[in-house]
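Notes follow the structure.
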Amino acid sequence: MKILVLGAGRMGLGAVFDLAHNSPDVSAITLADSVAETARSAAQVVGSQKVTAVELDVADGIRTAELMADHDAAISCVNYWYNEELTKIAIRTNTSFCDLGGNNYVVDNQLALDDQAREAGVSIIPDCGLAPGMVSVLAMHGVKRFDEIEEVHIRVGGLPQHPEPPLDYQLVFSVEGLINEYIERARVIRDGEIIEVDSMDEIESLNFDGFPPLEAFQTSGGTSTLPDTFKGKIRELDYKTIRYAGHCDKFRTMIDLGLCSSEPVQIGESEVVPRKVFGRLLVEHLPADGPDLVLVRLEFVGIRGGDRKRLCYDIIDRFDERTGLSAMMRTTAFPASIIAQMMASGDVARRGATPQELVIDPERFVAELARRGIVIDEYEK
């Protein structure tokens, strides 16, 4: 199978690495980026004859369609605002397509193209990174362990192994995506109904053995399509982001001061957009390349065999010194690679634009994660 990866940043590199080194059924990979040298450099890091680097601006719809048409599936690792148009191109070129998501409204628009995708005979699956993404399939995996499911609680965080003040955080993915998660409202299920709650709220403490104090708080996007999938079938569902204790209050202060606002502010004779300045400062002042780790916890409550059970899935993934891949690259890009291959091979039986939790075989997905060293620690509380 031939796979196209759009975007040669960290996640694009991670996806190409997985396709080249962990995926024997993949015969050819094209890595495209708007900066030719970025694509070539990433291809050299991957170090496989399967990889061809090309220059491509995804805003060029004609060139993107020409390239996409020559592949069985495409993975978008570019900014989320391109994904709706890339989905339309994939449908026109009969190319299955997945992406790393990043915005609920874009995902809604992609899923609205279900009829066209099904008619074209392709699979379109948005939000295939870590969260949303991997955890969406894991949620379905856990739900299937119960006769009746009552609650699903998802907690995820990408953290530095060696936190530094003032935020005890390092940039492990797009700063635009980070700000979106922190300022947009979160969709949850409460008492069986879908509602929206404020992000950076409902802080709770949690513990992972061997780690300093941690906190989790509401953020946008992590539940993705899960509230719609489970509406009427579950009483409680939510997603919170994990950080080292104290992070939320510090960042929320900056939001309250307007630093994440997209409304221009007049400074002398110039207009300044606070969010752009703040994002630039985060990129300049937060670490980005230190060894990282990813923490995942899913907690399920329901009935099994007549008894009420509480089941937990924990994942701890760390920077891989052997490959040089960060934990965030592994847990975000590898799931997208797995899903792209499942689409290209025909293992996704239902065609159309669909949430991944409805069409991806969770048992096979978990097995593929384990083959890559991303292993679930399962226990009952």
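If you check Tyr105, Tyr82 for being among the aromatic types (Phe, Trp, Tyr) and closer than 22 Å to Thr30 by Cβ, only one passes: Tyr82. Looking only at residues of segment 30-53 that are surrounded by 15 or more Cβ atoms within 10 Å (Cβ to Cβ) and among the charged types (D, E, K, R), we find that the one that is farthest from Asn79 (Cα to Cα) is Lys50. Total residues in segment 1-22 satisfying the condition of being assigned to a loop (DSSP other than H, G, I, E, B) and free of Cβ contacts under 8 Å to residues at least 40 places away in the same chain: the figure is 0. Asp168 meets each of the listed conditions (1) in contact with a His (Cβ under 6 Å, 6 or more places away or on another chain); (2) free of Cβ contacts under 8 Å to residues at least 60 places away in the same chain; (3) of a type outside the set (A, V, I, L, M) apart from (2). Taken together, the residues in segment 10-57 that are over 25 Å from Arg371 (Cβ atoms) and not basic (Lys, Arg) amount to 16. Determine the pairs where a residue that is in the same structural domain as Lys144 (by TED's automatic domain parsing) and within 27 Å of Leu159 (Cα to Cα), located within segment 229-241, has a partner that is outside any strand (DSSP E or B) and charged (D, E, K, R) with Cβ atoms under 8 Å apart, the partner being 6 or more residues away or on another chain. Filtered contacts from segment 229-241: Glu236/Asp191; Lys240/Glu202; Thr241/Glu181.
The residues on offer are Pro160, Pro166, and the sole one that is closer than 27 Å to Pro213 by Cα, modelled with pLDDT under 95 and in the same structural domain as Leu259 (by TED's automatic domain parsing) is Pro166.
Of all the residues in segment 289-334, those that are basic (Lys, Arg) and closer than 22 Å to Tyr244 by Cβ number 3.
Each row is one residue, and each column tells you yes or no for (1) over 22 Å from the mean Cα position of the chain (by Cα); (2) of a type in the set (Gly, Ala, Ser).
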position	(1), (2)
Val54	yes, no
Arg63	yes, no
Asp70	yes, no
Ser76	no, yes
Tyr82	no, no
Leu86	no, no
Thr93	yes, no
Tyr105	no, no
Cys128	no, no
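One residue stands out among those in segment 249-268 that are surrounded by fewer than 12 Cβ atoms within 10 Å (Cβ to Cβ) and among the hydrophobic types (A, V, I, L, M, F, W, C): the one that is nearest to Leu178 (Cα to Cα), which is Leu257.
Only residues that are within 11 Å of Leu325 (Cβ to Cβ) and in contact (Cβ under 8 Å) with a residue 40 or more places away in the chain: list them for segment 23-49, please. Scanning segment 23-49 gives a single hit, Val45.
The values are calculated or read from the model by the stated rules, or taken from the named source; none is laboratory data. Nothing here was measured: the structure is a model prediction, and the numbers come from that model. Quick reminder, even Gly has a Cβ in these numbers, built from the backbone with ideal geometry, and neighbours come from all protein chains shown.
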